[in-house]
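One structure is given below, encoded as structure tokens.
The values are calculated or read from the model by the stated rules, or taken from the named source; none is laboratory data. In this text, all values refer to a predicted model and were calculated from it rather than measured experimentally. With ideal geometry, Cβ positions are generated from the backbone for all residues, glycine too; neighbour counts draw on all protein chains shown. SASA here: full protein model, heavy atoms, side chains in, ligands and nucleic acids out. Shrake-Rupley method; radii C 1.70, N 1.55, O 1.52, S 1.80 Å.
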Amino acid sequence: MFKFSAALGEEIFYITFLPFTYWNIDHSVSRRMIIIWSIVMYIGQVSKDILKWPRPLSPPVVKLEMRTDAEYGMPSTHAMAATAISFSFLIATVNQYKYPFELGLVAAFVFSTLVCLSRLYTGMHTVLDVIGGALISAVLLVLLYPAWDMIDHSLLTSPFCPLLSIVVPLVLCYNYPKLDYYSPTRGDTTTILGAGAGATVGFWLNNQYIAPAYTSENFRLGFPLITGKIVVVVLARFLVGIFVVLLTRQFMKSVVLGMLRYRYKFPIGDLEARRRLEVEVPYKFITYSSVGFSATVIVPLLHKLLGLI
């Protein structure tokens, strides 16, 4: 159960739930969640490599994961992501849909708590790491909430949005804190910022040329109106969308990595070369910005073409 809960704070969850929200629930909710998620995760990842607090020692803990063991521990970005996503979803939907606030609050609390506890059970974090991550995320939500509408409107309407959405994340990735040894935090941060950048450009393009965000064309599922037909359409949207997203990711990985191998002359199996700054950042940023763009522009157009909207 806790290994599954830990997956709720990893790429497999982000690449399914966040696009699902955009395709099937509400564009405005998805936009806010993606922006909050990008900001929170960047601050969390950078904080790890600035504070440099070690993960729990093994023994005494038993570590059930190894991929993130090379990272520092404080704060837990799983706890940050779970808190940010669950509570931003609650805040963004509670005034738009008719459901008991108490039910939404319990669901958000249970979701974030399961992810937080999973980090303790799998031996990846101390209690302080988890509490610190959840508190930092909560503080950022409180600070960002008053500016939600302003940020959203600016990203949709500003003529500088596409340029800034690409340049600012790239600058942050290339100027990521340097460590004495390789850690996957820079690569993971680049993945997150790249996905957020591609999605943000997609939001802007949709608002400018396809469907203005503040009109009736902004799709909303409407929970009280759920029927058997809507469930089938929602499932079809998701399956078509996730197929395109995964296909985009695999295709762009191959193309971008092939171009970088040609440019920097390293063999296909050279893991050390792929970890170099000049390779890792463009490789992951271009791949995942393509994923974000595909999820917000290509997939909705395909849905429309197939009659799923």
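Heavy-atom accessible area per residue, region 1-75, 1.4 Å probe: how many Å²?
Numbers: 3220 Å² over 75 residues.
Result: 43 Å² of accessible area for each residue.
Within the chain, which DSSP H helices have Cα atoms that stretch 18 Å or more along the helix axis and a mean Kyte-Doolittle hydropathy of at least -0.5? Walk me through the numbers before you get to the answer.
Details: long enough: 11-24 (19 Å, 0.55); 27-51 (36 Å, 0.73); 77-93 (23 Å, 1.32); 101-121 (30 Å, 1.62); 127-144 (26 Å, 2.62); 161-174 (20 Å, 2.29); 185-205 (30 Å, 0.48); 228-264 (53 Å, 1.32); 277-293 (23 Å, 0.51).
Once both thresholds are applied, what remains is 11-24, 27-51, 77-93, 101-121, 127-144, 161-174, 185-205, 228-264, 277-293.
Which value results for Rg/Rh of region 77-179 when Rg is the Cα radius of gyration and Rh the Kirkwood radius based on the inverse mean 1/r?
On the way: Rg = 16.8 Å, Rh = 15.9 Å.
Taking Rg over the Kirkwood Rh, I get 1.05.
Please report, to two decimal places, log10 I(q)/I(0) for region 1-306 at q = 0.13, 0.14 Å⁻¹ as given by the Debye formula with identical point scatterers on the Cα atoms and no solvent.
-0.98, -1.14
When only Cα pairs under 8 Å and 6 or more residues apart are kept, what is the percent relative contact order across the chain? Before the final figure, lay out the partial values.
Working: 385 pairs, mean separation 73.2, N = 309.
With pairs under 8 Å counted, the relative contact order is 24 percent.
Count charges around Gly292 for me, please; just the other residues with Cβ under 13 Å from its Cβ, Lys/Arg as +1, Asp/Glu as -1.
Details: positive: Arg31, Arg249, Lys284; negative: Glu11.
Local charge sum for Gly292: +2.
With every protein chain left in place and a probe of 1.4 Å, what is the accessible surface of Asp270, to the nearest 10 Å²?
Per-residue accessible area (Asp270): approximately 50 Å².
Which percent of the accessible area of region 1-306 is formed by carbon and sulfur heavy atoms (probe 1.4 angstrom)?
Details: 10930 of 15060 Å².
Heavy-atom surface of region 1-306 belonging to carbon and sulfur, 1.4 Å probe: 73 percent.
As a test of reading the structure, rank His153, His303, His27 by solvent-accessible area (1.4 Å probe, protein chains only), most first.
Numbers: His153 90, His303 5, His27 40 Å².
Largest accessible area first, the list is His153, His27, His303.
With a probe of 1.4 Å, find how much accessible area region 222-309 has per residue, and write the answer as a whole number in Å².
That works out to 58 Å² for each residue.
At a temperature of 20 °C and a viscosity of 1.002 mPa s, determine how fast region 238-309 diffuses translationally according to Stokes-Einstein, using the Kirkwood radius over alpha-carbon pairs as Rh; express D in µm²/s, rounded to the nearest whole number.
Numbers: Rh = 13.3 Å.
D = 161 µm²/s.
Tell me the accessible surface of Phe4 in square angstrom (1.4 angstrom probe, heavy atoms of protein chains only), to the nearest ten.
Counting only protein heavy atoms, the figure is 140 Å².
About its Cα centre, what dipole magnitude does region 1-306 give when the only charges are +1 on Lys and Arg Cβ and -1 on Asp and Glu Cβ, stated in debye to the nearest 20? The partial results should precede the final answer.
Details: 25 positive and 18 negative charges, 115 e Å.
I would put it at about 560 debye.
Using only the heavy atoms of the protein chains and a 1.4 Å probe, how would Met66, Met80, Met1, Met74 rank by accessible area, largest first? Each step should come with its number before you reach the end.
Details: Met66 130, Met80 0, Met1 150, Met74 25 Å².
Ranking Met66, Met80, Met1, Met74 by accessible area, largest first, yields Met1, Met66, Met74, Met80.
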